[in-house]
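The values are calculated or read from the model by the stated rules, or taken from the named source; none is laboratory data. As the structure is a prediction and not an experimental result, all values here were calculated from the model. So basically every Cβ, Gly included, is an ideal-geometry build from the backbone, and we count neighbours across all protein chains shown. These area figures cover heavy atoms from the full protein model, side chains too; ligands, DNA and RNA do not enter into them. Shrake-Rupley method; radii C 1.70, N 1.55, O 1.52, S 1.80 Å.
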Amino acid sequence: MATAPAYTPDALIAADIDAYLAQHQTKSLLRFITCGSVDDGKSTLIGRLLYDSKMIFEDQLAALESDSKRVGTQGQDIDFALLVDGLAAEREQGITIDVAYRFFATEKRKFIVADTPGHEQYTRNMVTGASTADLAVILIDARKGVLTQTRRHSYLAHLIGIRHIVLAVNKMDLVGYDQATFDRIVADYAAFADSIGIAGFTAIPLSGFRGDNIAAPSANMPWYDGPALISHLESVELDGEAAAARTFRLPVQWVNRPDLDFRGFAGRIASGTIRPGDAVRVLPSGKTSSVARIVTMDGDLEQAVAGQSVTLTLADEIDCSRGDVIVAADAPPQVADQFRATIVWMDGEPLLPGRAYWLKTGAATVSATVQSPRHAIDVNTLAELSVKTLSLNDIGVADVFTDRGIAFEPYADNRDLGGFILIDKITNATVAAGMIEFCLRRSQNVHWQSIDITREAHAAQKSQSPRVLWFTGLSGSGKSTIANLVEKKLHALGKHSFLLDGDNVRHGLNRDLGFTDADRVENVRRVGEVARLMADAGLIVLTAFISPFRAERDLARSMLPAGEFVEVFVDTPLAVAEARDVKGLYAKARSGALANFTGIDSPYEPPIAPEIHVDTTRETPEAAAERIVEHVLGIWAPVL
């Protein structure tokens, strides 16, 4: 049998639950993850940890014994994995899919353990679990040795900044507790760990199922003289202890203003120590003040350290909002808007370089674009691969540009200020996790030059209000025809305008771009930048592009002041546009001679709420052009 004959949970739980909880309040907390390849025994190990630390109640034990006989994988023995694998799909397949968090405690320390999936397709779940961990337990099946997922998870754990690695060589009972097998696996792993920069790790031979070297040294492996797993977890140094010794940083999560007499800035201290009277600086603005009070629910503090959640009040009334960072005044981090970063792509849809995503770091959310990756990393060989994009589970290095400066530190120095996630603006899905390496030099050297002739002066000289008329629709919808008519009418009225046509721009500015999704994104981004500059010059700019993706049209809109971007949806059914087929493009696309053609094998996302909607089945180009000109002149006519 895999269990002891009698199981007795901590008696204090039943006798005095308040005393039991108070006992745990003063203990330090270690967060760790278990990871590795499929069927290495991660869930079983955690189940055994819960069992040996007496963190299972009697009703849970009874249910576990029943479930083990019904759906377990260990015959009549207890299947400890069932304590963790809670999803029906996990129990049916005998694998972990989602991240499962479990709490347990010993006499010396509290623990939160994340059981992360072993399958490659769930690597993103592993990254989620590792993001807050202090330690990683890398499991290896003693029968199989170091596998691809072992390398992948070890690389990710090191990349995410986990300093403490435990190499748990599991299922030693299935290899007869053979020392030579253990030594060979440790040697193989040590060579790989050294190649990726892991300075050291603790190797423990164990059996999660039988309980060998889990809570106490195993008599079955007298040749091993190191610590049991729980003993090692109880003694490892916590990252929070090291964070307290670093410079003070507090990302502001909430501005607490219950009444006119109190204004505090709440957040969790990422690093350092703070006391009333200490000089602080608010970034990115750079304004300085000093701490007046450190406020908590239990009263004011004379000192607060990394890991504590507090509210600071400042001696001066300075601007400070959610997403800002309060730092030590004499040692502030950098503020920049361009970074080199390592990115773990976590979405089924690949990265589109140049597309705008939300970048969230701490409590700050900014708009960001990711450039084409400099390279991707092969976790097996550590080779740097030349790629144009990143797909699910890819790890790559790329430059990231944000729409405004953010306070940051390299991820290796501060996980709170150096880590970020990317969020798709349309679906709100988290698509990537990133680690900032350094800011790009040009972000510090390139500044906005002050000019005397403003955009308002340019517009006044031309006696008109700048506009960007963004014509979008399928190929053959009539965008260029209508845009050309609009410009002719504006010119006749004495207006200053310029037409940027999709085909014409590709002869020069965008001649290096093709028609992949990534190239279309970059095509629209460049045109948006040019249109903005022309609008700054006071012009009425007309652009006629398919621009198939809403995200890029929204990016172009965001470049301009409110009201200056006018989206004109030239709405023509695919069948009608294809029937026109003046250039013969649809016929080529249907025959397979023309790839990535919008409407055939590449999607078109129609506008949801365009300023002007032109239905070409009901309105002539001449009439549509007249209505658009009226809109520019201030007569509201969005729909025929």
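Within region 175-190, residues that are open to solvent by 60 Å² or more (accessible area, probe 1.4 Å) reach partners that are of a type outside the set (Gly, Ala, Ser) and modelled with pLDDT of 95 or more with beta carbons closer than 7 Å, at six or more positions or on different chains, in the pairs 179/223.
The condition of being open to solvent by less than 20 Å² (accessible area, probe 1.4 Å), under 24 Å from the mean Cα position of the chain (by Cα) and more than 23 Å from residue 248 (Cβ to Cβ) holds for only one of 370, 325, that being 370. When the residues of region 197-210 are filtered to those that are open to solvent by 20 Å² or more (accessible area, probe 1.4 Å) and of a type in the set (A, V, I, L, M, F, W, C), the one that is farthest from residue 184 (Cα to Cα) is 209.
The number of residues in region 572-587 that are open to solvent by less than 50 Å² (accessible area, probe 1.4 Å) and part of a loop (DSSP other than H, G, I, E, B) comes to 3.
Criterion first (out of contact with any Phe, Trp or Tyr (no Cβ under 7 Å at 6 or more places or on another chain) and either at pLDDT 95 or above or at positive phi (or both)) does residue 197 satisfy it?
So residue 197 fits the description; yes.
Taken together, the residues in region 612-623 that are part of a loop (DSSP other than H, G, I, E, B), out of contact with any Asp or Glu (no Cβ under 9 Å at 6 or more places or on another chain) and open to solvent by 50 Å² or more (accessible area, probe 1.4 Å) amount to 2. Only one residue in 268, 275, 281, 263 is under 23 Å from residue 337 (Cβ atoms) and open to solvent by 10 Å² or more (accessible area, probe 1.4 Å). Which one? Residue meeting the stated conditions: 281. Would you mind finding the one in 508, 563, 502 that is surrounded by fewer than 18 Cβ atoms within 10 Å (Cβ to Cβ) and under 21 Å from residue 607 (Cβ atoms)? So the residue among 508, 563, 502 that is surrounded by fewer than 18 Cβ atoms within 10 Å (Cβ to Cβ) and under 21 Å from residue 607 (Cβ atoms) is 563.
Applying the criterion of being closer than 18 Å to residue 205 by Cα and modelled with pLDDT under 75 to the residues of region 1-40, the residue that is surrounded by the most Cβ atoms within 10 Å (Cβ to Cβ) is 40. Here residue 540 passes the criteria (1) closer than 24 Å to residue 369 by Cβ; (2) open to solvent by less than 60 Å² (accessible area, probe 1.4 Å) except the one numbered (1).
Considering the conditions (1) outside any loop (DSSP other than H, G, I, E, B); (2) free of Cβ contacts under 8 Å to residues at least 60 places away in the same chain, residue 563 is excluded by exactly one of them, (1). Can you find even one residue in region 588-611 that is outside any loop (DSSP other than H, G, I, E, B) and at pLDDT 90 or above? No, region 588-611 contains no residue that is outside any loop (DSSP other than H, G, I, E, B) and at pLDDT 90 or above.
Specify which of the listed residues (136, 130, 157) is closer than 30 Å to residue 26 by Cβ, modelled with pLDDT under 85 and surrounded by 22 or more Cβ atoms within 10 Å (Cβ to Cβ).
Sole residue among the options that is closer than 30 Å to residue 26 by Cβ, modelled with pLDDT under 85 and surrounded by 22 or more Cβ atoms within 10 Å (Cβ to Cβ): 130.
Total residues in region 461-481 satisfying the condition of being out of contact with any Asp or Glu (no Cβ under 9 Å at 6 or more places or on another chain), part of a helix (DSSP H, G or I) and either without any contact (Cβ under 8 Å) to a residue 12 or more places away in the chain or within 30 Å of residue 605 (Cα to Cα) (or both): the figure is 1. With respect to residue 246, is the statement that it is in a strand (DSSP E or B) and of a type in the set (Lys, Arg) true? So residue 246 fails the test. Taking residues in region 145-156 that are assigned by the TED database to the domain that holds residue 38, and partners anywhere that are open to solvent by 30 Å² or more (accessible area, probe 1.4 Å) and in a helix (DSSP H, G or I), the pairs with Cβ atoms closer than 7 Å and at least 6 places apart or on different chains are 145/188; 146/188; 149/120.
Count of region 380-392 residues, restricted to those that are in contact with a strand residue (DSSP E or B) (Cβ under 9 Å, 6 or more places away or on another chain) and under 20 Å from residue 195 (Cβ atoms), is 3.
Let's see how each residue does on (1) assigned by the TED database to the domain that holds residue 623; (2) farther than 23 Å from residue 457 by Cα; (3) over 26 Å from the mean Cα position of the chain (by Cα); (4) not small (Gly, Ala, Ser):
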| position | (1), (2), (3), (4) |
| --- | --- |
| 488 | yes, yes, yes, yes |
| 508 | yes, yes, yes, no |
| 519 | yes, yes, no, yes |
| 525 | yes, yes, no, yes |
| 529 | yes, no, yes, yes |
| 534 | yes, no, yes, yes |
| 540 | yes, no, yes, yes |
| 552 | yes, yes, no, yes |
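Please state which one of 300, 261, 278 is acidic (Asp, Glu), farther than 17 Å from residue 244 by Cα and at pLDDT 90 or above. So the residue among 300, 261, 278 that is acidic (Asp, Glu), farther than 17 Å from residue 244 by Cα and at pLDDT 90 or above is 300. The set of residues in region 373-425 that are over 23 Å from residue 270 (Cα atoms), in contact with a helix residue (DSSP H, G or I) (Cβ under 7 Å, 6 or more places away or on another chain) and open to solvent by 30 Å² or more (accessible area, probe 1.4 Å) comprises 380, 382, 388, 389, 425. Every condition in (1) modelled with pLDDT of 90 or more; (2) open to solvent by less than 40 Å² (accessible area, probe 1.4 Å); (3) assigned to a loop (DSSP other than H, G, I, E, B) holds for residue 490 except the one numbered (3).
Among residues belonging to region 447-457 that are open to solvent by 60 Å² or more (accessible area, probe 1.4 Å) and not polar (S, T, N, Q), point out the one that is modelled with the highest pLDDT. Ranking the qualifying residues of region 447-457, first place goes to 456.
Is one or more of the residues making up region 504-523 at pLDDT 90 or above and either under 27 Å from residue 339 (Cβ atoms) or among the β-branched types (Val, Ile, Thr) (or both)? No, region 504-523 has no match at all.
Per the listing 459, 368, the residue uniquely assigned by the TED database to the domain that holds residue 552 and under 23 Å from residue 533 (Cα atoms) is 459.
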